[in-house]
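> Before I ask anything, let me first share the structure, which is written out below as structure tokens.
The values are calculated or read from the model by the stated rules, or taken from the named source; none is laboratory data. Source: prediction; values computed, not measured. Reconstructed Cβ throughout: ideal geometry from the backbone, glycine too, with neighbour counts over all protein chains shown.
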Amino acid sequence: MSTATKQNRTERLVARVSPHDKETIELAAEMEGRSLAAFAVEHLLTKAREVIEERTVIRLNEKESRRFVEILNAPARKPTKKMLDALKLYRETVIER
């Protein structure tokens, strides 16, 4: 059972589609043995979760993971003038005092 069916459904979602698109979606819903609404909500949620994961999770292969750890474990380098200028600008424009 999806999260949507466990929670109170109080919000409404409306979308305009072409007749051809609606027929296609209805056919797919019918093939899955679901109502149009249940089909749409489940697939929208699945896609939404995929997009959120894509934008929030970073995946590294073994080589990338090793390189990342090497960089984290490397001794700190002296900040460059450009870095110090950026820090100064940040402190002047972003940090509230």
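> State which residue pairs qualify: first residue in a loop (DSSP other than H, G, I, E, B) and inside the range 51-62, second residue surrounded by 10 or more Cβ atoms within 10 Å (Cβ to Cβ) and among the polar types (S, T, N, Q) in any location, beta carbons under 6 Å apart, and separation of 6 or more residues or different chains.
Close Cβ pairs (under 6 Å, with a partner that is surrounded by 10 or more Cβ atoms within 10 Å (Cβ to Cβ) and among the polar types (S, T, N, Q)) do not exist here.
> Being part of a loop (DSSP other than H, G, I, E, B) and among the polar types (S, T, N, Q) is the filter here, so list the residues in the range 23-40 that pass it.
35
> Moving to a separate point now. Among 20, 43, which is the only one that is at pLDDT 95 or above, under 22 Å from the mean Cα position of the chain (by Cα) and not in a loop (DSSP other than H, G, I, E, B)?
So the residue among 20, 43 that is at pLDDT 95 or above, under 22 Å from the mean Cα position of the chain (by Cα) and not in a loop (DSSP other than H, G, I, E, B) is 43.
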